[in-house]
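Q: This structure is in structure tokens; I'll ask about it shortly.
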């Protein structure tokens, strides 16, 4: 077995070599692993040079027959069964390319380059230390865990490539420096990730110690985070990083004669055991109680290589196995530089990263940390209700927070977009949730509705009271002179007109939508036809006073009743056609207001609606014209004057109703329609009946035939 080290004068490399020797002697003294077979070794110095390492690799590739010897003379053994080393990635790449064609397994304890996992280029390479692929992953998760998005980096060249491979797009690199070029002074980031070696960090820290930069939170790779010499720099207190799992190998301390244990010794120690287990599997057969090993056996290198891929054992509590890429299961400790009570910085294990755990559970922080205060972000997180808008010319973690537009929300932090609420929903004031829109209609519990309802009922009561007065004085001249039958029918229709306005209040339903428009149309036609009948009676009565005239014969009580029925029946036919073809229906109006829903009655057929109104208007205009013609007829009490005023009010109300109805939004459309009904109804009852009631109640002396017949 062979070991490739760097400079022998370095105590660190010497300890690594000692760890290999200690493992070999343990194996040689074991009765369970390779019993009766002794392992030998040669140690070569690579001098930290790729050319020297490759020269040694060529030497190791030449040898005698691959025979397991049992003698004590190891000077003339066969070719090497496996190689431990080297202590860095670059020499390991060169060596592995040479060993590959010869099936010589190379097990490194410290070559971490992710490129060595490529089995097409390095088929016989194995390692007992995790690949940098995992270290980059845990550093990225560490940064993400604490919410840092604006970081500086001091990196070896392939670290940035690793980050790109991991798609850690939440990390934005704003400090693009080559090692030893200190742009730290100009950087606005608080957090600096240093993925580099101890020697490089020592030079960097020494320079920063002489020219202090603003305080930084350092995030370190395993290459330097456990170096005790670097902990003398007090400005690095609070540094966080990942480290190879601390190790305790029983008996190794005594073997080193009191030398300090390094965390890498375990990896070298386990590398030896991995090759030993591969050889054991190749040459030994397990029985029920012992292992039977062929002490003299022709062993093919390919056998050791093949068995090495299958090793799976636990040594002193440390599990060893290799995946398809020759890598072990990655396990790192998360280390935090914390000051002790004496003021000395010490590395404290505060968590771990275990790649064998389910996705999302690999990373864990289980102890309190000390670090630099402040959050390293280019832009503060955008709260719910806003969206991120990238700042032009800056990395994607630099953005402005823009409130969501009207009708849209974002319900999570740092949302890239806002989403529109469903049609019947609207955002709250914070624009972080959608709530059902407020539903609006002219309900009975509103002040406006109460006022309109009071006027409606008051008008109906007024019509009923007038009817009672007229009925009580039905034999008096003033009542008889104004066609009492038409008066009672008019009062009845006016009562219905007042009451039909109540159907417009409340939540629209299919029946209420059909009833409110048709009832209004029919009752108003009945009302206007009565007024029209009274107007015609006035004209006929005047003509009847002329010599030789028999006009009243053509418009007697029967003709009057038929006229009322015919005029009203036409409106009934119009309403029936409207309801059959396209009736009014309740709808949710979502367009008038964005933030609320208006419950209203859609007209269905607009032609039907305007036909109903048009027919009422036609009768009103005709009645108005006839009343104007009859207003100056010689009579002391000419009803045509009052009809003229009532029709004038009626027409004025409904002419102004049209633009008001079209332009009024929401529930006010209904309120305008109710107001028009009430105003025109009050106009009719007050103009036509109020003067008569006043004479009946307060001027009975005028309620005589003589007074009525007075032409003056």
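FYI, it's all coordinate maths here, none of it is from the lab. Here the structure is a predicted model, which means the values were calculated and not measured. When we count neighbours, we look across all protein chains shown, and the Cβ atoms used for this are built from the backbone with ideal geometry, even at glycine.
Q: On a full-extension model of 0.36 nm per residue, what is the gain between residue 325 and residue 652, subtracting their alpha-carbon distance, rounded to one decimal in nm?
A: Separation in residues times 0.36 nm, less the Cα-Cα distance, equals 108.3 nm.
Q: 7 Å from Cα along Cα→Cβ at both residue 420 and residue 438: what's the point-to-point distance in nm?
A: 2.3
Q: Determine one quarter of the surface area of the Cα convex hull of the stretch 447-640, which equals its mean projected area, and express it in nm² to one decimal.
A: One quarter of the hull surface, i.e. the mean projection, equals 13.6 nm².
Q: In addition: Kindly rank 208-214, 328-334 from highest to lowest mean number of other beta carbons found within 10 Å of each residue.
A: Result, highest mean Cβ count within 10 Å first: 328-334, 208-214.
Q: Mark the label point 7 Å from the Cα of residue 413 along Cα→Cβ and return the residues of the stretch 379-401 whose backbone N is within less than 18 Å of it.
A: Output list for this probe position: 379-389, 397-401.
Q: For the pair residue 593 and residue 12, what calculated FRET efficiency results from E = 1/(1 + (r/R0)^6), where r is the Cβ-Cβ distance and R0 = 45 Å, to the nearest 0.05?
A: About 0.05, to the nearest 0.05.
Q: Stretch residue 312-residue 471 to full length: gain in nm at 0.36 nm per residue minus the Cα-Cα span?
A: 45.8 nm
Q: Another one. Taking the Cβ-Cβ separation of residue 565 and residue 406 as r and a Förster radius of 60 Å, what is the calculated FRET efficiency to the nearest 0.05?
A: The pair residue 565/residue 406 has a calculated efficiency of 0.60.
Q: In nm, to one decimal, how far is the modelled label at residue 448 from the one at residue 381, with both set 7 Å along Cα→Cβ?
A: 4.5
Q: Say R0 is 41 Å: what FRET efficiency, to the nearest 0.05, do residue 458 and residue 607 get from their beta-carbon distance?
A: It comes out at approximately 0.75.
Q: Which of rounded, prolate, oblate describes the stretch 386-436, given a ≥ b ≥ c as roots of the alpha-carbon gyration tensor eigenvalues and a/c under 1.5 marking rounded, otherwise prolate only if a/b is larger than b/c?
A: prolate
Q: Can you order the peptides 131-138, 91-98 by their average number of other Cβ atoms within 10 Å per residue, highest first?
A: The peptides rank, most packed first, as 131-138, 91-98.
Q: Now a separate question. State, to one decimal in nm, how far the label point of residue 49 lies from the label point of residue 694, with both points 7 Å from Cα in the Cβ direction.
A: Placing both labels 7 Å beyond Cα along the Cβ direction yields 13.0 nm.
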